[in-house]
Amino acid sequence: MKIAITGKPGTGKTTLIKRIFSELSSRNVSVSGFYTEELREKGQRIGFDIVMLNKEVRLPLARKEMGKPRIGKYRVFIENIEKALKLIKPADLYIIDEVGKMELLSPSFKSYILNLLEEKNYIITYGLGIDENIRKSIEEKSRVFVLNSENREYLFNEILLRLNIG
């Protein structure tokens with residue numbers, strides 16, 4: 001099964017991924033990958049972390065600080081994207097949240113995603129503003145769901161059904 005989830009920022013893509021992962025884990029489905037989580041301090045977003053599934057590993061993805069490379073006001077830690085890729089273990093299903101501008105700064109990540117699209121079962125999320133060629137590849141090879149505030153519960157159930165566990 002090749003599933004891609006997209007939607008505007010804040011619609012709940014990461015929340016949906018975490019719910020799906022929790023459900024799959026409770027049913028002993030072999031899953032590997034990561035999700036990206038916003039990091040806040042005193043109500044302000046200060047960056048993002050990569051959180052590995054099945055492990056207690058968190059790696060800084062981006063922070064509001066000086067340095068390069070940058071996406072907007074955030075310095076991106078490409079070395080941590082590449083560390084995360086090395087921590088992904090073989091599985092029946094891969095979850096990657098998200099294929100976004102920050103992650104795609106890593107040539108290794110871009111290559112990993114293109115390979116994943118061809119060869120594996122996956123659930124990925126992707127940002128609407130990513131490189132057009134990557135977006136087209138995702139959309140050609142995946143069953144795409146567009147998440148919004150009205151269809152969150154429906155998509156959770158629909159994706160589980162498509163995975164034959166609903």
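The values are calculated or read from the model by the stated rules, or taken from the named source; none is laboratory data. Just so it is clear, the structure is predicted and the values come from calculations on it, not from any experiment. Positions of Cβ are generated from backbone atoms using ideal geometry, with glycine treated the same way; all protein chains shown enter the neighbour counts.
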Exercise for the section: Could you check Tyr154 against (1) under 17 Å from Thr14 (Cα atoms); (2) within 14 Å of the chain's Cα centre (by Cα); (3) assigned to a helix (DSSP H, G or I) and say which number it fails? Expected result: (2)
Handout entry: Selection status of Arg27, at pLDDT below 95, of a type in the set (D, E, K, R) and under 23 Å from Gly7 (Cα atoms)
Key = no
Practice task
Please work out which residue is surrounded by the most Cβ atoms within 10 Å (Cβ to Cβ), limiting yourself to the stretch 128-151 and to residues that are aliphatic (A, V, I, L, M) and not in a strand (DSSP E or B).
Solution key: Ile138
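To keep it simple, each residue is scored yes or no on (1) touching a Phe, Trp or Tyr at 6+ places or on another chain (Cβ under 9 Å); (2) closer than 20 Å to Asp131 by Cα; (3) of a type in the set (Gly, Ala, Ser); (4) modelled with pLDDT under 95.
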{"residue": "Ile3", "(1), (2), (3), (4)": "yes, yes, no, no"}
{"residue": "Glu41", "(1), (2), (3), (4)": "no, no, no, yes"}
{"residue": "Met52", "(1), (2), (3), (4)": "yes, no, no, no"}
{"residue": "Ile81", "(1), (2), (3), (4)": "yes, yes, no, no"}
{"residue": "Leu87", "(1), (2), (3), (4)": "yes, no, no, no"}
{"residue": "Asp92", "(1), (2), (3), (4)": "no, no, no, yes"}
{"residue": "Val99", "(1), (2), (3), (4)": "yes, yes, no, no"}
{"residue": "Met102", "(1), (2), (3), (4)": "yes, yes, no, no"}
Completion exercise
With criteria (1) closer than 18 Å to Leu163 by Cα; (2) in contact (Cβ under 8 Å) with a residue 60 or more places away in the chain, Glu103 comes up short on (1)
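Can you name every residue in the stretch 32-54 that is assigned to a loop (DSSP other than H, G, I, E, B) and in contact with a strand residue (DSSP E or B) (Cβ under 8 Å, 6 or more places away or on another chain)?
Narrowing the stretch 32-54 to residues assigned to a loop (DSSP other than H, G, I, E, B): 42-43, 53-54.
Of everything in the stretch 32-54, those that are assigned to a loop (DSSP other than H, G, I, E, B) and in contact with a strand residue (DSSP E or B) (Cβ under 8 Å, 6 or more places away or on another chain) turn out to be Leu53, Asn54.
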Exercise for the section: Please verify whether the stretch 61-68 includes one or more residues that are closer than 24 Å to Lys120 by Cα and modelled with pLDDT of 95 or more. Expected result: no
Exercise for the section: Take the residues in the stretch 10-27 that are surrounded by 13 or more Cβ atoms within 10 Å (Cβ to Cβ) and among the polar types (S, T, N, Q), then tell me which one is nearest to Phe48 (Cα to Cα). Expected result: Thr14
Handout entry: Filtered residues of the stretch 97-122 (kept if of a type outside the set (Phe, Trp, Tyr), in contact with a Leu (Cβ under 7 Å, 6 or more places away or on another chain) and closer than 20 Å to Thr14 by Cα)
Key = Met102, Lys110, Asn121
